[in-house]
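The values are calculated or read from the model by the stated rules, or taken from the named source; none is laboratory data. Predicted model, so just to flag it, every value in this text is computed and none were measured. Here the Cβ positions follow ideal geometry from the backbone for every residue, glycine too, while neighbour counts run over all protein chains shown.
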Amino acid sequence: MLSVERRVAIEAARAAGALLRDALSATHRIAYKASPVDLVTEMDARAETLIVERLSAAFPDDAVLAEERGTRPGRSGRRWIVDPLDGTTNYAHGLPVFAVSIALEVRPAVVLGVVYDPVRDELYVGERGRGALCNDAPLAVSTTTNLDASLLTTGFPYDLRTNPDNNLREYAVLSRRARAVRRIGSAVIDLAWVAAGRFDGYWELRLGAWDVAAGALLVEEAGGRVTGITGAPLDLERPTLLATNGRIHDTVLAILAETRGG
Ligand code: IPD
Ligand code: CA
Ligand code: CA
């Protein structure tokens, strides 16, 4: 039972989420990372500082990997993995689809995942082997068995303009095979909504550990399946991801393999 960890992570996610929500309609200073489509706002940094300060104060021996400021080393063998604002492009445009993600990894597994969507006031919490909840109600993936009747979601890498391995072919193929494919702009919400049964599956070619650590645990604890896009186990150091309700997983893997020539 991770009761203290759970409480601290939930409080940090709620506080960061409230900070983000309250500033959503304000004008934000935008800076660019590796390319003109890879944004960061001052709110990413403010939310991250709030979360990292709370985690570090409560668990000074734990390492922390946070998207914007990188790794703070620790000596406990435990690592917190934080995306303070997932959906930055949405956020910078005032689009209310974004979330805070906090996970605790005790190698080799993520054992706790907390996701907070402040706009819908939805708090998702999963603990390895103990299930996953949204606002205290148990989460369960969908029961759809046919890809034909499935609602999928995906995302595209920030180097889409320059890297030909940019998911556009996969998107075209799966759009013709599924009922529809959405692109909502937040990997963390994509995963939470697979766990909640709103989406039947989600794939993306290249992500960061902070995008997937908490959400992948939610999907697994809600009864779904998570692998890389080739079917290999999820690798948090270089995540490619397919997360589904389990029932459509092999079908999507086969289509991705065929499309990617694997
Ligand atoms: C991004 C979002 C987006 C996904 C990108 C991520 P960020 O995270 O989750 O939906 O397609 O791959 O990097 O930059 O908004 O934290
Ligand atoms: Ca992210
Ligand atoms: Ca982010």
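Restricting the search to strands (runs of 3 or more DSSP E) fully inside the range 69-128 and requiring at least 2 residues that are within 12 Å of ligand 2 (Cβ to nearest atom) and closer than 19 Å to MET43 by Cβ gives 78-86, 99-106.
Residues checked against (1) over 18 Å from the mean Cα position of the chain (by Cα); (2) of a type in the set (Gly, Ala, Ser); (3) within 22 Å of ASP159 (Cβ to Cβ):
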site: HIS28; (1), (2), (3): yes, no, no
site: ALA34; (1), (2), (3): yes, yes, yes
site: GLY74; (1), (2), (3): yes, yes, no
site: PRO96; (1), (2), (3): no, no, no
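Can you find, within the range 183-234, the residue that is farthest from VAL100 (Cα to Cα) among those that are of a type in the set (S, T, N, Q) and more than 9 Å from ligand 1 (Cβ to nearest atom)? Per the criteria, the residue is THR230. Within the range 64-89, the set of residues being buried (at least 19 other Cβ atoms within 10 Å of the Cβ) and more than 16 Å from ligand 1 (Cβ to nearest atom) comprises VAL64, ARG79, TRP80.
Within the range 79-114, the residues that satisfy the criterion of being more than 10 Å from ligand 3 (Cβ to nearest atom), touching a strand residue (DSSP E or B) at 6+ places or on another chain (Cβ under 7 Å) and aliphatic (A, V, I, L, M) are ILE81, ALA92, ILE102, ALA103, LEU104, VAL106, VAL110, VAL111, LEU112, VAL114. Taking the residues in the range 34-57 that are within 20 Å of ASN90 (Cβ to Cβ) and among the polar types (S, T, N, Q) as candidates, determine which candidate is modelled with the highest pLDDT. Result: THR41. Only a single item in (1) modelled with pLDDT of 95 or more; (2) surrounded by 15 or more Cβ atoms within 10 Å (Cβ to Cβ) is not met by TYR158, and it is number (1). Would a scan of the range 200-218 turn up a residue that is part of a loop (DSSP other than H, G, I, E, B) and either crowded, with 24+ Cβ neighbours inside 10 Å or at positive phi (or both)? Yes, the range 200-218 contains a residue that is part of a loop (DSSP other than H, G, I, E, B) and either crowded, with 24+ Cβ neighbours inside 10 Å or at positive phi (or both). Scanning the range 167-188 finds one or more residues that are under 20 Å from ARG79 (Cβ atoms), within 16 Å of ligand 3 (Cβ to nearest atom) and outside the structural domain of GLU68 (by TED's automatic domain parsing). Among the residues making up the range 228-262, a single one is surrounded by 19 or more Cβ atoms within 10 Å (Cβ to Cβ) and hydroxyl-bearing (Ser, Thr, Tyr): THR244.
Residues that are touching a residue at least 12 places away in the same chain (Cβ under 8 Å) and of a type in the set (Lys, Arg) within the range 1-17 comprise ARG6, ARG14, listed in sequence order. Would you mind stating whether VAL141 is crowded, with 24+ Cβ neighbours inside 10 Å and part of a strand (DSSP E or B)? Taking the combined requirement at face value, the residue does not satisfy it. For the residues ARG161, ARG198, ARG182, the requirement of being farther than 25 Å from ILE10 by Cα, of a type outside the set (Gly, Ala, Ser) and under 17 Å from the mean Cα position of the chain (by Cα) singles out ARG182. State whether the residues of the range 61-71 include one that is more than 21 Å from VAL8 (Cα to Cα) and small (Gly, Ala, Ser). No; the residues of the range 61-71 include none that is more than 21 Å from VAL8 (Cα to Cα) and small (Gly, Ala, Ser).
Of all the numbered requirements in (1) at pLDDT below 95; (2) within 16 Å of ligand 2 (Cβ to nearest atom), GLY262 misses one, and that requirement is (2).
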